[in-house]
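Values in this text are rule-based calculations from the coordinates and carry no lab data. None of the values given here were measured: they were computed from a predicted structure. FYI the Cβ positions are ideal-geometry reconstructions off the backbone, even for glycines, and counts take in every protein chain you see.
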Amino acid sequence: MTEPLRVDVGIDKIKDSLMSRVDNTDPVEVEKVGRYLKHIEMYRRMERTVKREGVSVKTENGSQTFVKSHPLLNEMNKVNASLLSIEKSFNFLEGNDNHSADDLI
């Protein structure tokens, strides 16, 4: 049986991995790494809130009561889209492809 995929990689490991693959002397690339990490932290906070409160919330509006999806789900999608956009904009250094997913665990 295969081991379950770990998605709870520490922020420090992600930072180390990214910083080893970008030009540390380029302030724009370093800023992108910082923004990327902040987005991961925001996403994880929202994820914890949704996990605690549930994916649906009960809303009462006067005499009406209805269930709708948690508002943070839309925000999580937006943050995820921003993460993907930042990922695509990284200028990774050539010849530093000896990393694997196991490096993050």
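Here are the numbers:
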item: Residue order, fewest to most beta carbons within 10 Å, for 55, 50; result: 55, 50
item: Ranked 3, 29, criterion: other C-beta atoms within 10 Å, fewest first; result: 3, 29
item: Out-of-range pairs (alpha-carbon distance over 27 Å; input 32/58; 15/51; 15/68; 32/78; 15/88; 68/88); result: 32/58; 15/68; 68/88
item: Under 13 Å, Cβ to Cβ, from residue 42 - net charge with Lys/Arg +1 and Asp/Glu -1; result: +3
item: 12 Å reach of a label modelled at residue 75, 7 Å along Cα-to-Cβ, counting backbone N of the stretch 32-48; result: 42-48
item: Fewest-first ranking of 39, 70, using other Cβ atoms within 10 Å as the exposure measure; result: 70, 39
